[in-house]
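Data first, discussion second: the structure below is written as structure tokens.
Read-outs: derived from the displayed coordinates by stated rules, not from any lab. Here the structure is a predicted model, which means the values were calculated and not measured. Here the Cβ is made from the backbone with ideal geometry for all residues, glycine too, and neighbour counts use every protein chain on show.
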Amino acid sequence: MRRTLAIIVGLSCLPTVQGAEAPAPYIVAYSETHPFAAGIAALLTEAYRRIGQPITLEALPPARSVQLANRGVVDAEAARVPDAMDGMTGLIAVPEPLGKTDTVAFTTGREIPIDGWESLHPYHLCVMVGDLITMKRTEGMAREISRDVASQFRMLASGRCEVAISDGAAWLAIDRQHLGRFRMMDRPVQSFAAYHYVNRRHADLVTPLAQAFRTLHEVGFSQSLLAPYLAEIRESRARNSVQP
């Protein structure tokens with residue numbers, strides 16, 4: 001059963017017409033496995049509120065989330081990177097980025113040299129099925145595929161792979177679920193800008209959403225929202241890192 005995040009902004013304030021059917025909810029799908037989900041939800045909620053569009057946020061498995069948005073079953077996909085969106089012709093990116101994300105490599109203690117995706121070829125990797133860009137870039141490499149961050153790092157800890165490919169937010173899952181001690185390579189495999197995507201039938205929302213995101217960045221809303229998550233990531237990393 002799908003889990004729906006109970007953020008339906010302003011819906012109770014809309015006027016109703018007796019006997020008229022209620023409008024269908026505008027559903028934004030997001031990855032249920034990502035530790036930043038609540039922060040992304042808050043940012044999107046405020047941006048849509050500013051353009052007068054009530055929304056419902058719905059948590060889904062990562063791969064299914066973007067597929068349903070592309071097919072128009074839901075109205076938008078919370079956040080993705082463009083390099084992972086090949087073939088998603090049903091979606092339009094809002095051109096103002098939500099923020100930046102780094103793809104990084106983790107080991108159980110070994111330091112490995114990182115110089116882009118090709119430098120991962122010598123290693124047996126653990127990747128997550130919903131991480132579309134990592135799945136794409138590691139195709140043809142030796143790899144184990146997990147369904148979520150926790151199972152990915154359990155495989156790494158048990159020796160089923162040598163390197164896990166994730167992002168810095170993985171430290172939150174590592175800490176909360178007591179998955180073990182790991183080392184994160186300081187140099188990212190690749191850095192990306194992340195964007196919000198709407199289904200093509202909502203193309204009219206692209207320009208006002210871009211302005212809303214731009215304004216939220218300019219007034220510091222996004223940075224304030226992100227700050228506690230970054231602090232928690234730093235603390236989680238400090239508690240769970242293998243020391244050099």
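If you put +1 on each Lys and Arg Cβ and -1 on each Asp and Glu Cβ, how big is the dipole of the chain around its Cα centre, in Debye rounded to 20? Please list the in-between numbers first.
On the way: 25 positive and 25 negative charges, 81 e Å.
Using only the charged Cβ atoms, the result is roughly 380 debye.
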Charge dipole (the chain, unit charges on Cβ, about Cα centre) - positive-most of Tyr48, Thr138, Ala210: Thr138
Label of the coordinate-derived value, mean projected area of the Cα convex hull in nm², listed as [x] 12.1; [y] 18.8; [z] 14.2: [z]
Helix-derived mean residue ellipticity, 222 nm - over the chain, DSSP H n ≥ 4, -39500 (n - 2.57), to 500: -10000 deg cm²/dmol
Exposure proxy ranking, count of Cβ atoms within 10 Å, fewest first, for Asp83, Asp75, Asp175, Asp115: Asp115, Asp83, Asp175, Asp75
Karplus-derived HN-Hα couplings along the stretch 112-128 (A = 6.51, B = -1.76, C = 1.60, θ = phi - 60°), whole Hz, x at Gly and Pro: 10, x, 10, 8, x, 5, 4, 6, 8, 3, x, 10, 8, 9, 10, 10, 9
Virtual spin-label span in nm between Lys136 and Asp102, 7 Å along Cα→Cβ: 2.2
Simple label model, 7 Å out from Cα along Cβ direction - Val219 to Thr207, nm: 2.2
Dipole-positive endmost among Trp117, Pro188, Phe153 within the stretch 102-190 (Cβ charges, Cα centre): Phe153
Net charge, Thr215 excluded, C-beta distance under 15 Å - Lys, Arg +1, Asp, Glu -1: 0
Inter-probe distance in nm under a simple model that places probes 7 Å from Cα toward Cβ, at Asp115 and Val129: 3.5
Span-like helix ranges in the chain, DSSP H, alpha carbon extent 15 angstrom or more, Kyte mean at least -1.0: 37-50, 206-218, 221-240
